[in-house]
Amino acid sequence: MTDRRLSDTRGPRDEQSGRQDSLVLGVIPARFASTRLPGKVLLDIGGRTMLEHVWRRAQLARCLDRVLIATDDERIAATAASFGADVTMTSPTHTCGTDRVAEAASGVSSDIVVNIQGDEPLLDPAWIDQLVPALRHDTDAAMATIACPLHDPEQAADPNVVKVVSDAHSHALYFSRHPIPHDRHHTGITRYRHIGLYAYRTAFLTEFTRLPPSPLEQAEGLEQLRALHYGHNIHVTTVTAGNDDGYSVDTPDDLQHVRHLFTDRSGPASGFRANSEVPLSWSM
């Protein structure tokens with residue numbers, strides 16, 4: 001496919017920023033044909049497209065050596081290039097973002113690939129900087145993801161909010177749309193909300209996309225269950241997040257909610273400036 005990579009102005013990372021002797025690639029898969037909200041990555045939020053917000057947040061992650069936007073749509077590619085992003089064109093036959101990420105990563109020498117969802121304009125780049133070292137240090141894990149404590153009972157019952165339970169080694173036991181674990185004796189156990197940010201060892205990412213879907217994956221509609229089905233460990237690292245942090249935009253109502261967060265002078269819990277994608281504590 002045609003490659004529209006621009007010159008890479010990101011310099012090498014030092015040990016303080018989390019980089020060792022390996023290259024970490026961030027890939028933002030972006031497609032136009034979203035079922036519930038077509039063209040959502042190009043929709044305006046506070047004067048910028050949702051895709052640009054995500055890309056700017058990813059650029060703030062210190063452990064990423066390069067950030068690519070992977071798409072099969074010329075409109076998305078042109079928009080991404082207009083705000084200075086590295087763009088690579090991928091096959092239009094992919095049925096999921098992971099396959100698109102794997103194709104984009106296949107043309108780049110890297111040890112770890114981070115899949116950054118293109119519909120999460122409230123992504124905290126600090127999460128990426130926490131996720132990548134966690135995968136590096138857990139040599140038993142093939143991939144890693146993040147979760148945060150879930151205290152809202154409505155979100156716990158919401159099938160659109162994915163929950164995760166882990167073992168003593170921070171390896172995922174199961175992901176579900178159901179409120180797991182079931183607190184039979186009302187012990188007050190903390191549930192965890194899964195946030196769809198993933199880091200893969202590059203070799204495993206290639207293997208993962210070749211594995212057939214598993215029955216649990218198909219039942220829950222959760223791709224990460226494929227890795228568990230075939231016996232691969234997923235490291236789960238815990239972050240602190242408010243209800244709106246990591247909020248994904250899937251519906252028109254989601255879009256309106258996020259637009260409100262960007263224009264509300266009080267800002268969401270993570271401290272966003274009005275009409276800006278950058279929290280008060282960060283600098284560009």
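Things worth noting here:
- Hits in region 160-209 - residues which are touching a Pro at 6+ places or on another chain (Cβ under 9 Å), more than 17 Å from LEU222 (Cβ to Cβ) and of a type in the set (A, V, I, L, M): ILE189
- For region 106-124, the set of residues classified as at pLDDT 95 or above, out of contact with any Ser or Thr (no Cβ under 6 Å at 6 or more places or on another chain) and not in a loop (DSSP other than H, G, I, E, B) consists of ILE112, VAL114, ASN115, listed by residue number.
- Scan region 5-43 for residues that are surrounded by 12 or more Cβ atoms within 10 Å (Cβ to Cβ) and at pLDDT 75 or above and the total you get is 17.
- Within this structure, SER248 fails the test of being in a loop (DSSP other than H, G, I, E, B), at pLDDT below 90 and over 17 Å from the mean Cα position of the chain (by Cα).
- Residues in region 199-220 that are assigned to a loop (DSSP other than H, G, I, E, B) and either surrounded by fewer than 11 Cβ atoms within 10 Å (Cβ to Cβ) or aliphatic (A, V, I, L, M) (or both): 2 in all.
- Condition check for ALA33: assigned to a loop (DSSP other than H, G, I, E, B) and either under 22 Å from THR202 (Cα atoms) or among the β-branched types (Val, Ile, Thr) (or both): no
- Any hit, region 92-100, residues being touching a Phe, Trp or Tyr at 6+ places or on another chain (Cβ under 9 Å), open to solvent by 50 Å² or more (accessible area, probe 1.4 Å) and more than 30 Å from GLY188 (Cα to Cα): no
- In region 156-198, residue surrounded by the fewest Cβ atoms within 10 Å (Cβ to Cβ) [restricted to those that are under 21 Å from PRO121 (Cα atoms) and of a type in the set (A, V, I, L, M)]: VAL161
- Close pairs from region 153-171: first at negative phi, partner surrounded by fewer than 17 Cβ atoms within 10 Å (Cβ to Cβ) and part of a helix (DSSP H, G or I), Cβ under 6 Å, at least 6 apart: VAL161/GLN155
- Every residue from region 111-121 that is closer than 10 Å to GLY246 by Cα and in contact with a strand residue (DSSP E or B) (Cβ under 8 Å, 6 or more places away or on another chain): GLN117, GLU120, PRO121
- Scanning region 156-178 for residues being among the aliphatic types (A, V, I, L, M) and assigned to a loop (DSSP other than H, G, I, E, B) gives a total of 3.
- Residues of region 128-155 that turn out to be at pLDDT 95 or above, over 18 Å from GLU52 (Cα atoms) and either in a helix (DSSP H, G or I) or open to solvent by 50 Å² or more (accessible area, probe 1.4 Å) (or both), as a count: 11
- Candidate set: region 127-166, residues that are over 16 Å from the mean Cα position of the chain (by Cα) and among the small types (Gly, Ala, Ser); chosen: the one nearest to THR206 (Cα to Cα): ALA142
The values are calculated or read from the model by the stated rules, or taken from the named source; none is laboratory data. It should be emphasised that the depicted structure is a prediction, and the values quoted were computed from it without experimental measurement. Methodologically, a virtual Cβ is constructed for each residue, glycine included, from the backbone with ideal geometry; neighbour enumeration extends over all protein chains shown. Note: accessible area is taken over every heavy atom of the protein model, side chains too, but ligands, DNA and RNA are not part of it. Shrake-Rupley method; radii C 1.70, N 1.55, O 1.52, S 1.80 Å.
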